[in-house]
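Here's the structure we're looking at; comments come further down.
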Amino acid sequence: MNQIESATKTYADKRAVLSERVQALEADYAAARRRHLRGIKQSVAATNDARDRLAATLEEHSDQFAKRRTRVLHGVKVGFQKAKGKVSWSSVGQVLQLIRKHLPDRAPDLIRTKEEPVKEAIAKLPTADLRRIGCSVTETGDELVIRPTDSSTDKLVNALLKEGEDDGQERAA
């Protein structure tokens with residue numbers, strides 16, 4: 001048991017260093033975000049204002065797009081195009097019924113039908129019920145558990161660790 005305790009302590013110490021470094025990175029990111037946020041908000045407002053002025057100018061001079069509907073100027077496509085439109089309905093049931101009535105040959109393309117077992121719900125069934133519906137449970141033996149109990153930066157730390165594992169597997173291949 002001393003070896004397990006020693007190896008666990010080494011892992012916990014290494015993970016603590018990693019966690020501290022991730023927290024430092026997050027703090028730097030938050031500080032950088034605070035430094036730049038005011039300028040970004042001002043740029044968003046200025047850009048929206050310039051877009052509104054451009055739209056008004058395009059509307060005012062729409063005759064310039066009689067032959068060529070659009071042009072690219074300064075890396076920006078401007079002009080007019082036919083609107084795509086939006087399809088909507090008030091009753092799904094009525095639309096389905098009318099498709100089946102008026103377009104029966106196109107119904108498989110126009111109606112989505114998806115029927116599949118709900119894995120999460122089935123997993124909660126007792127073993128006897130699982131057998132009755134033709135399911136089996138595998139991998140129910142013991143499994144290795146190494147899960148830190150802290151949660152402050154677990155998601156990012158775990159993602160970085162997973163990324164490191166993936167890199168190691170790619171190098172080994």
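The values are calculated or read from the model by the stated rules, or taken from the named source; none is laboratory data. Remember, it's a predicted structure, so these values are computed and weren't measured experimentally. Note that each Cβ is placed from the backbone with ideal geometry, even for glycine, and that neighbours are counted across all protein chains shown. Accessible surface is based on the protein model in full, side chains and every heavy atom, while ligands, DNA and RNA are left aside. Shrake-Rupley method; radii C 1.70, N 1.55, O 1.52, S 1.80 Å.
Only one of these conditions is not met by Leu58: (1) farther than 30 Å from Lys155 by Cα; (2) out of contact with any strand residue (DSSP E or B) (no Cβ under 9 Å at 6 or more places or on another chain). Which number is it?
Among (1) farther than 30 Å from Lys155 by Cα; (2) out of contact with any strand residue (DSSP E or B) (no Cβ under 9 Å at 6 or more places or on another chain), the lone unmet condition for Leu58 is (2).
Just to be sure I understand, how many residues within region 11-57 are closer than 27 Å to Val78 by Cα, open to solvent by 100 Å² or more (accessible area, probe 1.4 Å) and either in contact with a Ser or Thr (Cβ under 9 Å, 6 or more places away or on another chain) or of a type in the set (A, V, I, L, M, F, W, C) (or both)?
0
Is there any pair with a first residue in region 71-83 that is within 14 Å of Leu54 (Cα to Cα) and a second that is polar (S, T, N, Q) whose Cβ atoms are under 8 Å apart and which are 6 or more apart or on different chains, and what are they?
Lys77/Thr70; Val78/Thr70; Gly79/Thr70; Phe80/Ser62; Phe80/Thr70
Is it the case, given these coordinates, that Thr8 is without any contact (Cβ under 8 Å) to a residue 12 or more places away in the chain, surrounded by 10 or more Cβ atoms within 10 Å (Cβ to Cβ), within 30 Å of Val145 (Cβ to Cβ) and of a type in the set (Ser, Thr, Tyr)?
When the stated conditions are applied, Thr8 passes them.
Before we move on, is Ala107 in contact with a helix residue (DSSP H, G or I) (Cβ under 9 Å, 6 or more places away or on another chain) and either at pLDDT below 85 or of a type in the set (Gly, Ala, Ser) (or both)?
Answer is yes for this residue.
Taking Val78, is it open to solvent by less than 80 Å² (accessible area, probe 1.4 Å), in a strand (DSSP E or B) and of a type in the set (A, V, I, L, M)?
When the stated conditions are applied, Val78 passes them.
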